[in-house]
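Structure first, then comments.
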Amino acid sequence: MNQDEPQDPKTSDQIGAFQYLGRMLKGSHEALGAIYRSIFRGPYPWNPRQRLAVIVNNLVLHVHPTRVYRRSISVTPTFGLGLICFYLFVIEWVTGVYLMFYYEPSTTGAYGRILDLDYVVAFGQLMRNLHRWGGEAMVAAVVLHMCRVFYTGAYKPPREFNWILGVMLLFLTLALSFTGYLLPWDQLSFWAVTVGTNIASYAPLVGPKLRYLLLGGNAVGGDALLRFYALHVIAIPCSAALLINYHIWRVIKDGGLAHPQENLAPAEAKAAAVPRAEVVVQTFPTVLYVELAVFLALMAALMAISLLFNAPLEQQANPLQPNNPSKAPWYFLGLQEMVSYSAFWGGVVVPVLLTGFLVALPYVDRTPKGIGVWFARERRSIVVVWTVILLVIVVTTTIGVFCRGPNWKFYWPWQAWPGAPV
Amino acid sequence: MEKWVAVTGIVLTVSFGWALRDNFDQEWAKYERTYYSLALVRPHTAVWAKSQAVEVKQVLPTQVSTVERCVTCHIAIDDPAFKDGREPLRQHSALLRSHPPEKFGCVICHGGVGRAVTTMEAHGQGEGLSDPLVKGEYIEAACYNCHGSEALPIQATSAVIRGRQLVNRSLCMGCHQIEGAGGQEGPDLTAVGSQRSWLWLYAHIARPESVVVGSTMPVFPFSRDQLKDIVIYLLTLRGGLEQSRPTIAPINSVESNSTGLSGVAAEAGREMTGPGLVTYDGREVFNGAGCTMCHSIGRRGGQVGPALTYIGRKRDAKNLAKLLRDPAEALPGGKMPQLNLTKQQIDALTTYLTTLR
């Protein structure tokens, strides 16, 4: 077979766009081809052997295995949620740097800079919207990703530690979003962070100290803004970036996606490195193309949302005029709702129990049953436990977001609050 | 798969195109272009207009630390050719000459959001923002805030004075404090002018519950004009913010009078001891001095203080007189404010109150 020609017409792994690129590089565009070879350390990969090489020989691409099970790139096993989390992180990084060009972390300057971004900076409003909605989407995507991993039993050995890395990344994501929440320095952010850090202060013994450490004082002020800024733009994103690398690396080291074991013949399960062609696809070009497609879809959705809805901005922060109701960011409203029943239970017991549950889960539930299967029958009891916890969080959060009005009184979403601002 | 990618690719491209259009199709550019095109046809401005770029124009007032971009749309404020122009292309009144935007900006008098360059946001009608443009006579408060009372012609401060009289007469300070004097029941009003907008104040005084949930403030039967005067007066209360005022030379080289406690108290004194009010009917004093704001007799009156329907059974005239003279001494820790009543007023009140049995 001619190594330089398109081949294998019977497999569906050929991507027209990629092949077009390959022909272009080879044909009249010699200069382009030379640049391509300098980057990818070889010609456009026409045959399977070259396709392995292009993955292995590239710093970015080599986080992939050279071949994956066809099941891994279909929709239902993962819904692409891990990849979406990663993309959102990258989008946050890029748009965040753009916002940093204009932002100033001081109580006198911050709000004005946000107004400037919204009103006069070229694409400032768009970038702020992308950053805001991307951040909120990232919190949601990380939680959904975690639920996916749980419901498919993908935290079981040998993936226990990667679950722990994931839990850390969940907390880092929440911290990223929470620290970013304060930066516009408007009424919404000021009071949300006041409420959020008050919840933190309910922790026994260390609570008030923790709050002091977080805020650099006893109340939200200039030092808190500076501290949240440093955490938001350097400390947490860099830690998260390192952990994300570790997380993804462990996915490959732990054998890729969790697959249902009965689907593989015993011999194949042992020698998964040379799987059969029907169940396996090459990373180049198929997986890369799927990843590109997910990125395009995500970016299109985020752009559309950002063009249609502006990131919220209220009046400049005023420590003398509390918002009524003052609400924490939405992902903490479940906690705030529980705190409104009991500060100790909502502010201390529930968060500690939840964290303990998440950390202990992969080390307690070690039976190798139901791996890679959604809602496996063998795991019914633990699935019920998770679902109940999730429901409680979703219900309390929903009440907190939609049904709490002035003085934390209950209102249906369609009921008008008394004293709507003029 | 490839079809799917093509569709999302198209959506993405359209979105980027939309964003690009949003970025270049700006409301303010329309006004500027209109202005320059009109300037082009006038012989003495044609050359100048040709050299002007359509861009965001901003002022960094030397006396106020802000950035203001109002002149981006209101580009004709100093152009006599637009004396009768339609907003935003309209010449400012003669006051502009003594109040150059380069020195004071626009927001200090007109309110609004100086950084914004769209009508909605700049005029404070954006979502979540409430720095509404100051309309009509409410601007008077701004004159007063910088110049004080003595330096201004009397007609320019009449609303402030009327408002202050109304505030004193209605005994707002039975519940509210202004610069340390007054009751503790309601919020301190010392700096209310720098905290609330005229719209908020108007709506709140007209119908307290409509703005502040669970407000215990009574609804006063003010007319619209009275409400306006009170709001204008309240806007001049900017306690502690005097330092942020621009430095200006007094207009008539007369020291501006303080709006502080002495003025308010003097006003209250005049009200209470005026020559026409020597003899009193106790019931009139009770209703006129604002007692009904907090206390009820029968079904009428406020709920803040105890009901006085049967007060004559509980306290005798001597006891009541002592209480009215100095509530803080008679009821330590109580909320009852010092009303500064005269001896005659106290006598009349006690006589009336002892009849309530």
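The values are calculated or read from the model by the stated rules, or taken from the named source; none is laboratory data. Source: prediction; values computed, not measured. Note that each Cβ is placed from the backbone with ideal geometry, even for glycine, and that neighbours are counted across all protein chains shown.
If the condition is being of a type in the set (A, V, I, L, M), buried (at least 17 other Cβ atoms within 10 Å of the Cβ) and over 27 Å from A:Tyr155 (Cβ atoms), then region A:204-252 contributes A:Leu214, A:Leu215, A:Val220, A:Ala224, A:Leu225, A:Leu231, A:Val233. Might you check whether a residue that is closer than 28 Å to A:Asn310 by Cβ, more than 14 Å from chain B (Cβ to nearest Cβ) and surrounded by fewer than 20 Cβ atoms within 10 Å (Cβ to Cβ) occurs anywhere in region A:144-157? Yes, the conditions are met somewhere in region A:144-157. Being of a type in the set (S, T, N, Q) and more than 37 Å from the chain's Cα centre (by Cα) is a property that holds for B:Ser51. For region A:173-188, indicate whether the set of residues that are part of a helix (DSSP H, G or I), more than 23 Å from the chain's Cα centre (by Cα) and touching a residue at least 24 places away in the same chain (Cβ under 8 Å) is non-empty. There is at least one residue in region A:173-188 that is part of a helix (DSSP H, G or I), more than 23 Å from the chain's Cα centre (by Cα) and touching a residue at least 24 places away in the same chain (Cβ under 8 Å). Looking across B:Ile178, B:Ile154, one residue alone is crowded, with 17+ Cβ neighbours inside 10 Å and more than 14 Å from chain A (Cβ to nearest Cβ). It is B:Ile178.
Restricting region B:102-150 to residues that are more than 14 Å from chain A (Cβ to nearest Cβ) and small (Gly, Ala, Ser), the residue that is surrounded by the fewest Cβ atoms within 10 Å (Cβ to Cβ) is B:Gly136.
Out of the residues in region A:73-102 meeting the condition of being in a loop (DSSP other than H, G, I, E, B) and surrounded by fewer than 21 Cβ atoms within 10 Å (Cβ to Cβ), tell me which one is modelled with the highest pLDDT.
Once the filter is applied, the top-ranked residue is A:Phe79.
Assess whether B:Gly333 counts as being more than 17 Å from B:Glu284 (Cα to Cα) and touching a helix residue (DSSP H, G or I) at 6+ places or on another chain (Cβ under 7 Å). It is false that B:Gly333 is more than 17 Å from B:Glu284 (Cα to Cα) and touching a helix residue (DSSP H, G or I) at 6+ places or on another chain (Cβ under 7 Å). Determine, yes or no, whether A:Tyr155 is over 30 Å from A:Leu117 (Cβ atoms), assigned by TED's automatic domain parsing to the domain that holds A:Glu314, within 19 Å of the chain's Cα centre (by Cα) and touching a residue at least 24 places away in the same chain (Cβ under 8 Å). When the stated conditions are applied, A:Tyr155 passes them.
If the requirement is being surrounded by 13 or more Cβ atoms within 10 Å (Cβ to Cβ) and in contact with a helix residue (DSSP H, G or I) (Cβ under 6 Å, 6 or more places away or on another chain), which of these qualifies: A:Trp345, A:Trp330?
Values: A:Trp345 fails: in contact with a helix residue (DSSP H, G or I) (Cβ under 6 Å, 6 or more places away or on another chain).
Testing whether each residue is surrounded by 13 or more Cβ atoms within 10 Å (Cβ to Cβ) and in contact with a helix residue (DSSP H, G or I) (Cβ under 6 Å, 6 or more places away or on another chain) leaves just A:Trp330.
Taken over region B:110-158, the criterion of being assigned to a helix (DSSP H, G or I), hydrophobic (A, V, I, L, M, F, W, C) and in contact with a Lys or Arg (Cβ under 7 Å, 6 or more places away or on another chain) is satisfied by B:Cys146 alone. Of the residues making up region B:141-199, just one is touching a Gly at 6+ places or on another chain (Cβ under 6 Å) and of a type in the set (Ser, Thr, Tyr), namely B:Thr190.
Examine region B:56-70 for a residue that is crowded, with 17+ Cβ neighbours inside 10 Å and touching a His at 6+ places or on another chain (Cβ under 9 Å), and state whether such a residue exists. So far as region B:56-70 goes, yes, one or more of its residues are crowded, with 17+ Cβ neighbours inside 10 Å and touching a His at 6+ places or on another chain (Cβ under 9 Å). Remark: pairs (first residue in region A:10-31, within 14 Å of another protein chain (Cβ to nearest Cβ) and closer than 15 Å to A:Gln50 by Cα; second residue buried (at least 16 other Cβ atoms within 10 Å of the Cβ) and at pLDDT 80 or above; Cβ separation under 7 Å; 6+ apart in sequence or on different chains) = A:Asp13/A:Val281; A:Asp13/A:Gln282; A:Asp13/A:Pro285; A:Asp13/A:Thr286; A:Phe18/A:Pro285; A:Phe18/A:Tyr289. Only one of the numbered conditions (1) in the same structural domain as B:Tyr35 (by TED's automatic domain parsing); (2) within 30 Å of B:Gln184 (Cβ to Cβ); (3) β-branched (Val, Ile, Thr) is not met by B:Val160, and that is (1). Is at least one residue of region A:111-127 surrounded by fewer than 21 Cβ atoms within 10 Å (Cβ to Cβ), away from chain B (no Cβ under 14 Å), over 14 Å from the mean Cα position of the chain (by Cα) and not charged (D, E, K, R)? Scanning region A:111-127 turns up no residue that is surrounded by fewer than 21 Cβ atoms within 10 Å (Cβ to Cβ), away from chain B (no Cβ under 14 Å), over 14 Å from the mean Cα position of the chain (by Cα) and not charged (D, E, K, R).
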